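To start, the structure itself, in structure tokens.
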Amino acid sequence: MARQDRAIRTRRMILEAAASVFDECGFDRATIAEILSRAGVTKGALYFHFPSKEELALAVLHEQVMDIAVRPQQIKLQEFVDAGQILAYRLRHDALQRGAARLAIEQGSNRLDRRQSMSAWTTFVEGLLKEAKARGEMLESVNVRDTAELFVGAFAGLQMMSKALTDQNDLCHRLAVFFEHSLPTIAAPAVLAKLRLDPERGEQLDAEHRRLREAEGAARADDAGGARSAAARVALLDAAP
């Protein structure tokens with residue numbers, strides 16, 4: 001188990017280091033040497049997890065979607081809003097999210113297949129919207145797949161504009177404005193009135209998520225410590241005359 005935990009931590013360190021290099025340099029100019037330097041791992045360790053720079057970049061893109069954990073809400077459309085605002089906040093503060101974002105929208109390189117990233121985001125959003133519609137939170141006329149693709153495309157455009165003008169500092173505000181204009185076209189009026197669209201929500205939810213993850217990590221450490229103590233007691237009893 002300890003070896004597996006180390007492997008997971010090493011993989012995460014490599015991903016975060018790679019994302020920071022991709023964010024600063026783009027895919028074509030990013031080098032394995034710089035990624036190794038920032039991650040503080042050997043070339044063998046990197047290639048054990050990722051056989052090429054392309055595979056590493058695709059893993060960063062995949063991890064971007066996996067990293068967005070949304071707290072369950074009574075209204076499913078609120079989870080849709082929350083996912084967008086959490087991502088918008090993290091694009092200012094999280095190296096992995098920033099690196100993945102540049103990889104997803106960067107122009108000029110044909111060596112990286114970005115379709116998987118866009119498809120993964122569309123599938124994620126579509127899943128939230130399908131459940132929202134099944135609950136009666138959306139207008140019957142809404143095409144869920146088209147709406148999901150519209151949101152993913154619009155978010156990419158908002159992100160590019162915010163990056164160019166303010167280095168993502170106003171992205172949460174821009175997203176809130178987008179929601180204010182677009183949600184009335186898909187949400188049932190009674191649901192729309194209950195949605196929280198404030199730009200600060202992403203920061204608040206991210207802080208809550210971090211506290212929960214830290215508490216879970218501490219609980220796992222306590223459980224592991226208890227298991228080691230129990231094993232040591234058993235070993236002592238076995239060694240007793």
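The values are calculated or read from the model by the stated rules, or taken from the named source; none is laboratory data. These numbers were taken from a predicted model, which means no experiment stands behind them. We place every Cβ from the backbone using ideal geometry, glycine too, and count neighbours over all the protein chains shown.
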If you scan region 56-75, which residues turn out to be aliphatic (A, V, I, L, M) and within 14 Å of the chain's Cα centre (by Cα)?
-> LEU58, ALA59, VAL60, LEU61, VAL65, MET66, ILE68, ALA69, VAL70
Take region 51-71 and flag every residue that is at pLDDT 90 or above and either more than 26 Å from CYS25 (Cα to Cα) or polar (S, T, N, Q) (or both).
-> SER52
May I ask you to list the residues in region 8-35 that are of a type in the set (A, V, I, L, M, F, W, C), over 14 Å from ARG98 (Cβ atoms) and in contact (Cβ under 8 Å) with a residue 12 or more places away in the chain?
-> MET13, ILE14, ILE32, ILE35
Could you figure out which of (1) surrounded by fewer than 17 Cβ atoms within 10 Å (Cβ to Cβ); (2) modelled with pLDDT of 95 or more isn't true of VAL191?
-> (1)
Scan region 146-155 and give yes if some residue there is within 19 Å of LEU58 (Cβ to Cβ) and among the aliphatic types (A, V, I, L, M), otherwise no.
-> yes
Going by the structure shown, is GLY127 surrounded by fewer than 14 Cβ atoms within 10 Å (Cβ to Cβ), within 19 Å of the chain's Cα centre (by Cα) and assigned to a helix (DSSP H, G or I)?
-> no
Does GLU216 satisfy being of a type in the set (D, E, K, R), exposed (fewer than 14 other Cβ atoms within 10 Å of the Cβ) and either more than 27 Å from ASN169 (Cα to Cα) or touching a residue at least 24 places away in the same chain (Cβ under 8 Å) (or both)?
-> yes
Does region 170-187 contain at least one residue that is small (Gly, Ala, Ser) and either modelled with pLDDT under 95 or assigned to a loop (DSSP other than H, G, I, E, B) (or both)?
-> no
Restricting attention to region 57-68, does a residue exist that is under 23 Å from ARG211 (Cα atoms) and among the charged types (D, E, K, R)?
-> yes
Has region 139-150 got any residue that is assigned to a helix (DSSP H, G or I), surrounded by fewer than 14 Cβ atoms within 10 Å (Cβ to Cβ), modelled with pLDDT of 95 or more and among the polar types (S, T, N, Q)?
-> no
The lone condition PHE48 fails out of (1) in contact with a Lys or Arg (Cβ under 7 Å, 6 or more places away or on another chain); (2) surrounded by fewer than 21 Cβ atoms within 10 Å (Cβ to Cβ) is (1)
Applying the selection to region 93-143, what residues are closer than 19 Å to ASP28 by Cα and of a type in the set (D, E, K, R)?
-> ARG98, ARG102, GLU106, ARG111, ASP113, ARG114, ARG115
Of all residues in region 151-170, which are surrounded by 13 or more Cβ atoms within 10 Å (Cβ to Cβ) and more than 21 Å from the chain's Cα centre (by Cα)?
-> THR166
Taking region 1-38 and the residues there that are buried (at least 16 other Cβ atoms within 10 Å of the Cβ) and among the hydroxyl-bearing types (Ser, Thr, Tyr), the one that is farthest from the chain's Cα centre (by Cα) would be THR10
Being crowded, with 17+ Cβ neighbours inside 10 Å and out of contact with any helix residue (DSSP H, G or I) (no Cβ under 7 Å at 6 or more places or on another chain), is that true of even one residue in region 174-181?
-> yes
Do you know which residues across region 188-220 are within 25 Å of ARG135 (Cα to Cα) and in a helix (DSSP H, G or I)?
-> PRO189, ALA190, VAL191, LEU192, ARG201, GLY202, LEU205
